Amino acid sequence: MWNLSFSPPLVIQARVLTRLPQEFRKPVSNAWCDANKPGHTIDSFLEGPSFDRAGNLYVTDIPYGRIFRIAPDLEWSLVAQYDGWPNGMAVHKDGSIWITDYRRGLLRLEPGKGDPVALLGHRNSESFRGMNDLTFDFDGSCYFTDQGQTGLHDPTGRVYRYSTPGGRLESVISGVPSPNGMALDATRKVIFVAVTRANQVWRGPILADGTVSKVGAFRTFFGTSGPDGMAVDVDNRLVVAHASLGGAFVIDARGEVTHFVKSPGGSTVTNVAYRPGTSKLVMTESETGAILEADLPARGAPLYSHQ
């Protein structure tokens, strides 16, 4: 029988690792700000943390179409700036960076070789709603969310699987009210989707043919926003950034919250990533343009890019 006694989560205090340098903070009004932060002019909105094999951390800046690289010595450099709204990122095994861009679809960036190029801009001539996040399985197939402005009022978001090689695109979950962050478990046999406007994380088994079945609500939260980016550790704990509660939740395989990683300042924690081979978690705090770091109980699960 299950032990049904619940303990309050342990609080892990995150620390500021680095901040977007002042030289890159030049706020101007633009369409992304008008739609997502009405009445405010912001100098950045950081997202999409992803590490390469050399230990560099890449992050996106959605409203200004920027991709930054943060070196191990914490020096920031601008890798690309283009006409788009880049959100999620994942490093491919070949060293390229795949980007889910809200306006332009699925892109591929080779650092040092110019702007990102399009991999997938539409499906059967129909535009996507607005891509958000992505991850790879062990075979290199890419799962990504198509969120747009969906929500409980319009539950039409989708999760797709883009198989490589071959370029086959399949919708694996539909009818989602705001699919945002996503992750696969340590075995790559379970998919997790952060459903922001429902304030839930959904879970579903991945079948042998790559399709998804029996999707259910794994964990429900609260707040004015909802769960966002996610990461998995070697013990199959799921780390869930919450964009309005000032931190990230660590959830065990039963769906119980075991830890809360608390931001030292700023409540808009949008995404998370493990430094490869370690138990150090980095988080993007988009309200203040900061990268946070915390020590968690276990190492992050192996990534496709580091196989």
Checklist entry - For residue 174, are the conditions met, namely being surrounded by fewer than 19 Cβ atoms within 10 Å (Cβ to Cβ), more than 26 Å from residue 279 (Cβ to Cβ) and modelled with pLDDT of 95 or more? => result yes
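Can you list the strands (runs of 3 or more DSSP E) found entirely within the range 54-138 that contain at least 1 residues being under 16 Å from the mean Cα position of the chain (by Cα)?
Numbers: elements: 57-61, 66-70, 76-81, 86-91, 97-101, 105-109, 117-120, 131-136.
Correct list: 57-61, 66-70, 86-91, 97-101, 105-109, 131-136.
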Next on the checklist: Among (1) closer than 26 Å to residue 166 by Cβ; (2) among the polar types (S, T, N, Q); (3) open to solvent by 10 Å² or more (accessible area, probe 1.4 Å), there is one condition residue 81 misses while meeting the rest; what is its number?
Outcome noted: (1)
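The values are calculated or read from the model by the stated rules, or taken from the named source; none is laboratory data. Since the structure is predicted, the reported quantities are computational estimates derived from the model, not experimental observations. FYI the Cβ positions are ideal-geometry reconstructions off the backbone, even for glycines, and counts take in every protein chain you see. The protein model used for the area step is the full one, side chains on, heavy atoms only, and it has no ligands, DNA or RNA in it. Shrake-Rupley method; radii C 1.70, N 1.55, O 1.52, S 1.80 Å.
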